[in-house]
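Undergrad: Structure provided below as structure tokens; questions to follow.
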Amino acid sequence: MNTQSALRTGGFDIPDPVGLPTLKGQVSEAEWDLRCQLSATYRLCALHGWTDLVFTHISLRLPDEDGQERFLINPYGLMFDEMTASSLVKIDLDGNICADTPYFINPAGFTIHSAIHAARHDAGCVIHVHTPYGVAVSVQNGGLRRYTQFSMAVNNDLAYHDYEGIALDLDERARIVADIGEKSLLMLRNHGTLTVGPNCAIAFLRMYFLENACKTQILAQAAGDENLHEEPQTMADTVAGQAAGAFTPGMGDNLVWPGLMRKLARQNPGHDT
């Protein structure tokens, strides 16, 4: 390790991802493609302002190897807007780092993400964020309301999990799994929001709708809830059905993701290194 390109932090050398030896050609083509997708997702979340320094996570399941499930997650010490395919850390469902890396990970991220990856084989990608608007809605007794089209597109697919402190207790995993059930979005009370999808594209699109639903709710509530019109559940059912195609593999992947990749290439290139 070139210590001139590293930051010495708490006893750890945290290398700058620029100049980190590439893993392209060192891992399978399938893994490299997934690494590029995930690093792009981190940078897209940064472009949209969905970051909390380094304290949230996005994970992506890798193809099984010898019957072992593994997934990729972000290392400590790197900001979302500088994430690269080669800097992502490969871990198993027990939290063991499975490949050589100069980085280390957040155990709270492992707790939440490993729970969902282990229980939900349809959860290829898990995005968890702490945005001000998402957290603001998470503290409301009424949760997400049927105020907007953003909300009604996802509200029927949203579950809730009560706050248990920073997610360091592995016993919480069973309760997270029980609370999310078969749904694809989770409001972590007093904490933040989470979405799952078969891939990064659909998990990201779900988070886009959830984040905008929370943001517009908080902005509208400035007028007072008594002055707001909430649509009935029947309308939410209608909108959910109309919007379902956006979250369907083969459809949702291609609605926005190709344009997002071009936007990323213009505004923050380099994730695929």
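Undergrad: Among rounded, prolate and oblate, which fits the stretch 163-253 when a ≥ b ≥ c are the square roots of the eigenvalues of its C-alpha gyration tensor, a/c under 1.5 means rounded, and a/b larger than b/c means prolate?
TA: Because a/c hits 1.5 or more and a/b fails to exceed b/c, the stretch 163-253 counts as oblate.
Undergrad: Between residue 121 and residue 28, 0.36 nm times their residue separation minus their Cα-Cα distance comes to what?
TA: Between residue 121 and residue 28, full extension yields an extra 31.4 nm.
Undergrad: Could you work out the relative contact order of the stretch 7-117? I mean the mean sequence separation of Cα pairs under 8 Å and 6+ apart, divided by the number of residues, in percent.
TA: 27 percent
Undergrad: Another one. Where does the chain land at 222 nm, in deg cm²/dmol rounded to the nearest 500, when only DSSP H runs of n ≥ 4 count, each adding -39500 (n - 2.57), divided by all residues?
TA: About -11500 deg cm²/dmol.
Undergrad: Mind giving me the FRET efficiency for residue 55 and residue 234? R0 is 35 Å, r the Cβ-Cβ distance, nearest 0.05 is fine.
TA: The formula returns an efficiency of 0.35 here.
Undergrad: Once the Cα atoms of helix 233-243 and of the chain are each reduced to a long axis, what angle between those two axes, in degrees from 0 to 90 to the nearest 10, is obtained?
TA: Result, in degrees: 40.
Undergrad: Between residue 93 and residue 222, what FRET efficiency follows from the Cβ-Cβ distance if R0 is 51 Å, with the result rounded to 0.05?
TA: Computed FRET efficiency for residue 93 and residue 222: 0.70.
Undergrad: Let me ask something else about it. In what sequence, highest mean first, do 165-173, 212-220 appear when ranked by Cβ atoms within 10 angstrom?
TA: Descending packing order for the listed peptides: 212-220, 165-173.
Undergrad: Show me the chymotrypsin sites (Phe, Trp or Tyr not before Pro) within the stretch 65-126 that DSSP assigns to loop and that have at most 14 other Cβ atoms within 10 Å of their Cβ.
TA: The qualifying sites are 104.
Undergrad: Something else: Out of the DSSP beta bridges found with both residues in the chain, what percent are antiparallel (nearest 5)?
TA: So the antiparallel bridges amount to about 85 percent of the total.
Undergrad: For residue 90, which aspartates and glutamates qualify as cross-link partners when the Cα separation must be under 13 Å and same-chain residues fewer than eight apart are set aside?
TA: Result set, ordered by chain and number: 31, 64, 65, 69, 100.
Undergrad: Still on this structure, please answer the following. Between helix 200-220 and the chain, what is the angle of the helix's C-alpha long axis to the longest principal axis, kept within 0 to 90° and rounded to the nearest 10?
TA: The two axes meet at around 50 degrees.
Undergrad: Say each of residue 164 and residue 69 gets a label point 7 Å from the Cα, pointing the same way as Cα to Cβ; how far apart are those two points in nm?
TA: Each label point is offset 7 Å from its Cα along the Cβ direction, giving 1.7 nm.
Just so you know, all these numbers are worked out from the coordinates, no wet-lab data involved. If you're wondering where the values come from, they're calculated on a predicted model, not measured in any experiment. Don't worry about glycine lacking a Cβ; one is built from the backbone with ideal geometry, like all the others, and counts go over all protein chains shown.
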